[in-house]
1. Only one of C:Val65, C:Val77 is of a type in the set (Val, Ile, Thr), crowded, with 24+ Cβ neighbours inside 10 Å, under 27 Å from C:Ser126 (Cα atoms) and not assigned by TED's automatic domain parsing to the domain that holds C:Asp243. Can you tell me which?
2. Which residue out of A:Ile132, A:Ile123 is of a type in the set (A, V, I, L, M, F, W, C), under 14 Å from A:Val163 (Cα atoms) and part of a loop (DSSP other than H, G, I, E, B)?
3. When only residues in the range B:124-135 that are assigned to a loop (DSSP other than H, G, I, E, B) and within 8 Å of chain A (Cβ to nearest Cβ) count, which is surrounded by the most Cβ atoms within 10 Å (Cβ to Cβ)?
4. Of these, A:Pro244, A:Pro260, A:Pro239, A:Pro288, which one is out of contact with any His (no Cβ under 6 Å at 6 or more places or on another chain) and closer than 21 Å to A:Asn319 by Cα?
5. Could you please let me know if A:Lys114 is in contact with a Phe, Trp or Tyr (Cβ under 7 Å, 6 or more places away or on another chain) and over 30 Å from A:Arg28 (Cα atoms)?
6. Across the range A:171-203, what is the total count of residues that are among the acidic types (Asp, Glu), at pLDDT 95 or above and crowded, with 16+ Cβ neighbours inside 10 Å?
7. Hey, among A:Val76, A:Val51, A:Val44, which residue is among the β-branched types (Val, Ile, Thr), in contact with a helix residue (DSSP H, G or I) (Cβ under 8 Å, 6 or more places away or on another chain), over 27 Å from B:Glu50 (Cβ atoms) and open to solvent by less than 10 Å² (accessible area, probe 1.4 Å)?
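The values are calculated or read from the model by the stated rules, or taken from the named source; none is laboratory data. In this text the structure is predicted, and so the values were computed from the model without any measurement. Neighbour counts run over all protein chains shown; Cβ positions are idealised from the backbone, glycine included. Surface accessibility is based on the protein's heavy atoms, side chains included, excluding ligands, DNA and RNA. Shrake-Rupley method; radii C 1.70, N 1.55, O 1.52, S 1.80 Å.
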Amino acid sequence: MSRVKDVAILGYGGYVPRYRIRASEIARVWGRDDDALPIKEKSVNGIDEDVITMAIEACKYALRRAGIDVRRIGAVNVGSESHPYAVKPSGTVVAEALGIPPTHLSADLEFACKAGTEAMQMIAGLVSSGLIEYGIAVGADTAQGRPSDALEFTAAAGAAAFVLGRSNGDEVATIEHVVSYVTDTPDFWRRAHERYPRHASRFTGEPAYFHHTVSAVKALLEETGLKVSDIDYFVFHQPNYKFPYAAAKVLQIPKEKVDPGVVTNVIGNTYAACSPLGLVRVLDHAKPGQRIVLTSFGSGAGSDSFLIVTREGLERKRNLAPLLDTLIARAKYIDYAQYLRHRDKIRTS
Amino acid sequence: MRPGIRPQEHWRSKRFRYMLEVLRCANCGTVNATRRSVCRRCRSTSLVRERLPERARLLAFTEVKSATDVHDEMAPYLVGLLEFEDGTRIVAQLTDADYEELRPGMEMEMVVRKIAQDGESGVIVYGFKFRPVVS
Amino acid sequence: MRTVYLAGVGYTKVSEHWDRSLTELAAEAALAAVRDAGVERVDAIYFANAAAEITSHQMGISAIVSEELGLSGVPSVRVECGEASGMAALFQAHAAVSSGLAEVALVVGAEKLSDLMPEEFNTVFSMTLPYETMGFAGVTPTAIAALLYRVYMERYEVPQEFVAQFPALMHRNAKGVPHAQFPFEVKLEDVLSSPPVAPPLRRLECTAPCDGAAAVVLVSEESVGGARSGTVTKLAGVSLRTDYASPFDREDPLHLSSVALSVEEALLRSGIDRDELDVLELHDSFSIMAPLVLESAGFSPKGRSGLELKEGRFELGGELPINTFGGLKARGHPFGASALYQVAELHLQLTGRAGKNQLDRAKSGMAVSTTGFGALSGAAVLIGGDSA
């Protein structure tokens, strides 16, 4: 059943900026009702933060836990839909800031909210094939939402990073299996040179998020011969608080297997970092020997679904870097005007 | 004239700005932050590349209310005087903190942040700042 | 080495001269100095300026200055040492005259900062700090001044008013001075209640962007005979020293060793003691710089200059009057010209031409200039009266 040959998560790191805005504050500005908000609050990048800086933070935590020699890292993949440059890689800045030597493969990826798991899958392939010894996969976003659009309530900022390599006896987890399920589905997009994305409203639900997510999970379970009851945690992409539970319901997954990997209510949809941060939260809480199914979703559209098994190294390594809940707890609330400044939505020239 | 940001200059200096890489004099121990041929203190040519630690102690701090062309959009921002374990001192921006939260003697950690950007189309300069330790 | 005399001075009002260019201002001061000296020839021009490339789109500006003076053909050199450019130019001109290379040297400093937008001024001022380690990061002179201020108050356990009273003294001295940028009183309470620019540093503890030009004419002892009696002082000693650009890279950030060394050396070259000085013009680009200069140069015990000011020692009628026309704070700080204002004002004091600010029996005086926070400093001693 081990379709992925000998790939381990040696270190993991999540990063959430310090700033938060309450959904009710956004609702206040646009005159929406408080009782129908998709989440409670979302994270907002600091004025000096972007995908590159957040990726560096997450990678530093992941490297602390991995405890490997950065000079042996052979690939850095950064998945995001908000790379600071349209042309000029994010990954090269990240790698140099981490002291990773030039002899590595650098790739920036974009697939809406799926770019982070894509990075994981590609790094896993490079490790498994023996092309590289270690690699880092990052999902990071400072997601855009047009002011007053429904997305503005959820589009958030965060990063998650995973150091992958062969099992070394001290690994956090192993990646056992992965499937992808993608189609051409125009549910959400951002054209070149546009500042904000557009979406097809409810079309992003059934034919997009649910169809791809559920299909990917079903394929993963079928290929591995596992049942829902064999899995300890399911982590889904979580564009809002409802969707992961609705997907779980379709798949007949009990709520308690989903709860630990849901962080969207307090940090929002961090796009490429979204389901990876859910995995980070689960790793912060899981015991060795547990099975996790991580399933991303990216508009456009597609899902990657991973079977991950936690290992003995997890408990030794967990406290080598701040837990996700610690980062989430250092919340500093800002109002909508400050939010506009942080998100560079105020024209000053 | 707007001096802006020179990509070449930032590229030359990136190892110091991204990783606090310095040249330590093998003879007298002095830290030389920028590339140079001889130690500024003893003129020794034995300079060894080294990364300063990521933790430092905050000695004093202030808040810059109005700044230069390329930094002004981020103003006001905090600036601190920090000291590493070996006594080397550095002046750097502080981040992820309010003025009121800071205390002399606090332990701070290095993070890489956006330092400045040259308008909407120019390069972005990333570099070290310090923040209260997150643990 | 020949003895060098200062035979004449000239200066413009420090102000926002919207209608004048950098070289126009330089010419006004230079021609006034040449008139004041009564010299017939100029053998060399030293033009002190910090930021002509940025403020006035000009390189090779020394030739344009000589043209503007009607002195094309005369060797002309621009000296750029930041805020201490004027002192560095004086140092060079002194060397030329004392060595015999020139009989008459014109030293003129000018700066045109009012054409800059506020953030551009911050950019230019920040260029006095090392760019690769500080400037790039948005560390400004106000930030460095604030950090030094904190370290100073903490080490010597003095309250802020001990430092903040220096600007108040400068404004007392500048009151009614025609060439001062701010010729009015500002009380300590006003300083302390002005908006913070980088706490604890407040707006009225900083200098403001301005334009100005000042000039002095140096002559050799052979040529001094032609100058009018009583208007000549002796430039008895000039010294220039350097240090690490960041004060926090030095063993003691509160000790400006370039100031200490240049003051010591200028006194040695002049053959006089510190105690014999009757007046001191010092570099107070920020309030905190005044105590740092006084204490580094040995005029006050460490941490005590504020107390001495409170006791009246630095007032016009005190034992060692400082910044008798308002200093950088109140007379104004047009970077490249500032040290030449200092020297010109000393000359006025020593030749009895200081008007309402005239000191009794002032025979010798010193000017201390620096750039940044002691990266480069210089000191000059003038001796007047019978001793000249």
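1. Numbers: C:Val77 fails: crowded, with 24+ Cβ neighbours inside 10 Å.
Exactly one residue qualifies, and that residue is C:Val65.
2. Values: A:Ile123 fails: part of a loop (DSSP other than H, G, I, E, B).
On inspection, the qualifying residue turns out to be A:Ile132.
3. First pass over the range B:124-135, keeping only residues assigned to a loop (DSSP other than H, G, I, E, B): B:133-135.
With the extra rule that they be within 8 Å of chain A (Cβ to nearest Cβ), the set shrinks to B:134-135.
On the way: B:Val134: 16, B:Ser135: 10.
The extreme case among them is B:Val134.
4. A:Pro288
5. Numbers: in contact with a Phe, Trp or Tyr (Cβ under 7 Å, 6 or more places away or on another chain): yes; over 30 Å from A:Arg28 (Cα atoms): yes.
For A:Lys114, the condition - in contact with a Phe, Trp or Tyr (Cβ under 7 Å, 6 or more places away or on another chain) and over 30 Å from A:Arg28 (Cα atoms) - is met.
6. Of the residues in that region, 2 qualify.
7. Numbers: A:Val76 fails: over 27 Å from B:Glu50 (Cβ atoms); A:Val51 fails: in contact with a helix residue (DSSP H, G or I) (Cβ under 8 Å, 6 or more places away or on another chain).
Of the residues listed, the single one that is among the β-branched types (Val, Ile, Thr), in contact with a helix residue (DSSP H, G or I) (Cβ under 8 Å, 6 or more places away or on another chain), over 27 Å from B:Glu50 (Cβ atoms) and open to solvent by less than 10 Å² (accessible area, probe 1.4 Å) is A:Val44.
Here's the yes/no breakdown for (1) without any contact (Cβ under 8 Å) to a residue 24 or more places away in the chain; (2) β-branched (Val, Ile, Thr); (3) open to solvent by 10 Å² or more (accessible area, probe 1.4 Å); (4) not in a helix (DSSP H, G or I):
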{"position": "C:Asp275", "(1), (2), (3), (4)": "yes, no, yes, no"}
{"position": "C:Ala290", "(1), (2), (3), (4)": "no, no, no, no"}
{"position": "C:Pro301", "(1), (2), (3), (4)": "yes, no, yes, yes"}
{"position": "C:Leu309", "(1), (2), (3), (4)": "no, no, no, no"}
{"position": "C:Phe314", "(1), (2), (3), (4)": "no, no, no, yes"}
{"position": "C:Gly318", "(1), (2), (3), (4)": "yes, no, yes, yes"}
{"position": "C:Thr324", "(1), (2), (3), (4)": "no, yes, no, yes"}
{"position": "C:Tyr341", "(1), (2), (3), (4)": "no, no, no, no"}
{"position": "C:Glu345", "(1), (2), (3), (4)": "no, no, no, no"}
